[in-house]
1. Out of the residues in the range 380-413 meeting the condition of being within 37 Å of the chain's Cα centre (by Cα) and more than 18 Å from P352 (Cα to Cα), tell me which one is least open to solvent (accessible area, probe 1.4 Å).
2. Inspect the range 640-654 for any residue being away from the ligand (no atom under 16 Å from the Cβ), among the acidic types (D, E) and within 24 Å of Q555 (Cα to Cα) and give the result as yes or no.
3. List pairs: first residue in the range 583-606 and among the acidic types (D, E), second residue more than 11 Å from the ligand (Cβ to nearest atom) anywhere in the structure, Cβ distance under 9 angstrom, at least six positions apart or on different chains.
4. Take the residues in the range 480-496 that are open to solvent by less than 10 Å² (accessible area, probe 1.4 Å) and within 17 Å of L454 (Cβ to Cβ); name whichever of them is modelled with the lowest pLDDT.
5. Among the residues of the range 72-79, are any away from the ligand (no atom under 16 Å from the Cβ), modelled with pLDDT of 95 or more and touching a helix residue (DSSP H, G or I) at 6+ places or on another chain (Cβ under 8 Å)?
6. Among the listed residues T448, T460, T431, which satisfies the condition of being of a type in the set (S, T, N, Q) and open to solvent by less than 40 Å² (accessible area, probe 1.4 Å)?
7. Can you find even one residue in the range 625-643 that is under 30 Å from G522 (Cα atoms) and in contact with a Leu (Cβ under 8 Å, 6 or more places away or on another chain)?
8. Return yes or no: is A233 open to solvent by 10 Å² or more (accessible area, probe 1.4 Å), more than 13 Å from the chain's Cα centre (by Cα), in contact (Cβ under 8 Å) with a residue 40 or more places away in the chain and under 24 Å from D15 (Cβ atoms)?
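The values are calculated or read from the model by the stated rules, or taken from the named source; none is laboratory data. Because the structure is predicted, anything quoted here is derived from the model rather than measured. Quick reminder, even Gly has a Cβ in these numbers, built from the backbone with ideal geometry, and neighbours come from all protein chains shown. These area figures cover heavy atoms from the full protein model, side chains too; ligands, DNA and RNA do not enter into them. Shrake-Rupley method; radii C 1.70, N 1.55, O 1.52, S 1.80 Å.
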Amino acid sequence: MLLHELDTCKRYCTDLLRYRRLETREVAIGDVPVGGPHPIRIQSMTTTDTMDTAGTVAQTLRMVAAGCEYVRITAPSKKEAENLAVIKAELRRQGCHVPLVADIHFTPNAAETAARIVEKVRVNPGNYADKKKFEHIEYTDSSYQAELERIDERFRPLVAICKEYGTAMRIGTNHGSLSDRILSRYGDTPEGMVESALEFARICEDAGYYNFVFSMKASNPQVMVQAYRLLAARMLAGATRHVYPLHVGVTEAGDGQDGRIKSAMGIGALLADGLGDTIRVSLTEPPEAEMPVGRIIRDHFVHPVRKTPHPPLADVGLPIDPYSFSRRHTQPVYNLGGEQLPRVIADFSDAPVTLEALTAVGHTYWPEPDKWSMADTGVDYVYAGPREIPFMLPTGTKALYDAALWAVLPERMHSYPVFASLDDYAHAERTSEVLNLVRVGSPAVLSTAANTALLQRDSTVVLVLEASGPHPMLVWRNALLGLIAHSIHCPVVLKAHLEPATHVSEERADHCLQLAAASDLGLPLVDGLVDSLWLTAAPGTPKRLLNDTAFGLLQAARLRTTKTEYISCPSCGRTLFDLQDTTAMIRARTEHLKGVKIGIMGCIVNGPGEMADADYGYVGAGPGIISLWKGKTQVKGKVPTDKAVDELISLIREDGRWVEPS
Ligand code: SF4
């Protein structure tokens, strides 16, 4: 079944308005099964050289202590695959029984060796038996079939070994390393990713082997979410004999705040719909740092109240295409909605708006020469609630007041009212001719005939959909699907009150808050349902944190770019330089280059494919040697490491994309 045939079968999750995990087949991985009734597992990958037995064992033990339930170790060749036996023996001797996973690219003989040793092997269909030279090849049906037969011949021996030894497998498709064959037929699409995995799954099932899981990773959360959904829909529609567990993750998410937000957005968008049996957070940081992040994201979705169904506003099914991105059709109201960038609203209802306070939300006032400077992450609106702002805001930034105050202001030119309810708005004596924000606490009010009629004819209303509690995404989704079903085209502000989870109190509060925000808002953002974000939190929460979170979310969802984007791999035993130091060094020199995407990949073997999304690539090519890429083309090879960052900057300069840091 191809994508267009799925039009009548948009279902990729069990219930759009209730949290339920997709029922998947239980897959045995050593003593720690995945899928079926088992909890969502957390896993990660070592970064040590696989031939460094002591280092790999020590790192594995640290990862397990941090909560890692499966440990993946790279096996670039047969030699490393054989050393997995030594590593495993030492771990068992030390009382550690964590299932080990061999990571395989390009080397069937390493896979066949490892499958006899460890509990699971990961193969990437794009490079197990296929090639990747970014060539477009025209295939006839028979030449395509011949290729499939060649892959069958190469892959089937591994399947037989896994079956014989009880070894599990991950069929791990990666957006950046689709084969030329798949790219030629399906393009660089979620559909190509799914088809690539299904080709391997058919070989497994044909051999009577069902002990496998799937992954569909990409560094772009939109693409990644669409691919997983499509795979789930295809499995539910019978493309496979069973519904197999899903290993979910955003690949090359980067580091720090950006990496955490991007990971939580992609993983959270899937978990919110019940997709995902095991998660890997991919950060360019020590692998132990990934486990707490994974736990916070996972635990965010286990609250029992999430399972409460939300009565639908309209029986609409899913009136959007969940497998490709488009923004919800809205009418522009002032600078909100339509094709305009999503806006950010800063909430100052809990504190007076002062000149100094606005620095935290991107606007800095300079008394001499009496001017404002505005950062790329300067807020678009300042909500001051019931208190008047005693000075002029910077040009372009607008004030929002409670409607009662706004109505009596002597000067209303650069401000707009916020109404507490649709009822208040409908009966107000004074409203704006340009923009009226109307808060909607319960989606149910949108379904009354009078309110529907009002919203269908009013061209000044922007709805503020408020939701808090354990599963706000379902409240937002219910309201948004209802708006679509009733042909209401008002732009929408999602207002989220963020509370860090109490059960992860050992974690830094700001990370918890950002992960919760990304987990809840990820789905409406990647589905193009958001025209503006308004984040609030407990009194005293730094405004800068909320502002950074809002702009970070919009950047991660690729809806509004305000900074440089780094697509950096987490590193593994193939890595040819220190990823963390190098990423920090490149970031320090380039983080003022708004909109430029830089891929930083540890190895040449898998690197160029994995960073296909980047404008420029910095890739380990050998010990002390870097290759530099523009998109998918290598433009400089064999650059000594100590000159590579300067050379990268030269490339950016040559393209006219360099600006001096201010
Ligand atoms: S790109 Fe990075 S994570 Fe991927 S195989 Fe190479 S070194 Fe390992």
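1. Looking at residues that are within 37 Å of the chain's Cα centre (by Cα) and more than 18 Å from P352 (Cα to Cα), I get G396.
2. The answer is no; no qualifying residue exists.
3. As it stands, the answer is E591/K563; E591/T564; E591/Y566; E591/P661, since those pairs meet every condition given.
4. Looking at residues that are open to solvent by less than 10 Å² (accessible area, probe 1.4 Å) and within 17 Å of L454 (Cβ to Cβ), I get G482.
5. Yes.
6. Working: T448 fails: open to solvent by less than 40 Å² (accessible area, probe 1.4 Å); T431 fails: open to solvent by less than 40 Å² (accessible area, probe 1.4 Å).
Criteria check complete, one pass: T460.
7. The answer is yes; a qualifying residue exists.
8. No: the conditions fail for A233.
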